[in-house]
């Protein structure tokens, strides 16, 4: 997907989501073992034009006796990293409009055995976050179920549509943050969230 369309750059295998590093400093959680276990992801996708984390990925294995406990830990890791990356983005666009920042999404992709689940993270209000399961699909493991690829392709089409929207949202955020589009101070990200 990323290679064909050049919209996402992927890094695989136990990668840190770089934007989440800064949020850990604020929480003063310097315990190395806790920090490293929670922050390393199986994959990270960044928006190519913006160089911003867009997709965090975790795979919970296949035919594993501990797949349930592993998938629960991966779910928590995705939620934490999704929100930490959003917080980092908020700090980068402090002078932008809160209404515009509410349009920013971060996604997680969790793979449990052959099922892919795409979850979206966003801010809903000054005190509420949104976590929404957007799509899920089963990757067929044999030719008899090859029609199931339609749901996989639909998941990628959904992501592509969102990436195109995000590019225009980030352009607007940049204009607002630089003061090229006026934003009343009481409506800024800094005033509403930070």
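Between residue 180 and residue 134, what FRET efficiency comes out of the Förster formula 1/(1 + (r/R0)^6) with R0 = 30 Å and r the beta carbon distance, rounded to 0.05?
On the way: r = 32 Å, r/R0 = 1.07.
The computed FRET efficiency comes out at 0.40.
How many percent of all Cα-Cα pairs in the range 71-151 sit more than 17 Å apart? Counting pairs separated by more than 17 Å, the tail of P(r) holds 54 percent. Note on the range 79-125 and the range 170-194: Cα centroid distance 18 Å, given to the nearest whole angstrom.
Please state the shape class of the range 40-194: rounded when a/c is under 1.5, otherwise prolate if a/b exceeds b/c and oblate if not, all from the C-alpha gyration tensor.
Details: a/c = 2.95, a/b = 1.95, b/c = 1.51.
The shape class here is prolate.
On full extension, the segment bounded by residue 171 and residue 194 gains 6.2 nm, given 0.36 nm per residue less the C-alpha separation.
Once fully extended, how much extra length lies between residue 12 and residue 79, figured as 0.36 nm per residue of separation less the alpha-carbon to alpha-carbon distance? Don't skip to the answer; put the middle values down first.
Details: separation 67, 0.36 × 67 = 24.12 nm, distance 1.85 nm.
Additional length available on full extension: 22.3 nm.
A crude spin-label estimate for the pair residue 157 and residue 115, with each label 7 Å from Cα along the Cβ direction, gives 2.3 nm. What the Kirkwood sum gives for the range 109-194 is a hydrodynamic radius of 15.8 Å, with every pair of different alpha carbons counted.
Between residue 187 and residue 126, 0.36 nm times their residue separation minus their Cα-Cα distance comes to what?
Working: separation 61, 0.36 × 61 = 21.96 nm, distance 1.10 nm.
Extending this stretch completely gives an extra 20.9 nm.
The packing ranking, built from the mean of other Cβ atoms within 10 Å per residue, places the peptides 99-108, 113-122, 130-139 in the order 99-108, 113-122, 130-139, highest first. Ordered by the count of other Cβ atoms within 10 Å of each Cβ, fewest first, 192, 4 give 4, 192.
Coordinate-derived values only; no laboratory data. Remember, predicted model here, so these are calculated numbers, not experimental data. Every residue, glycine among them, receives a Cβ derived from its backbone with ideal geometry; neighbour counts consider all protein chains shown.
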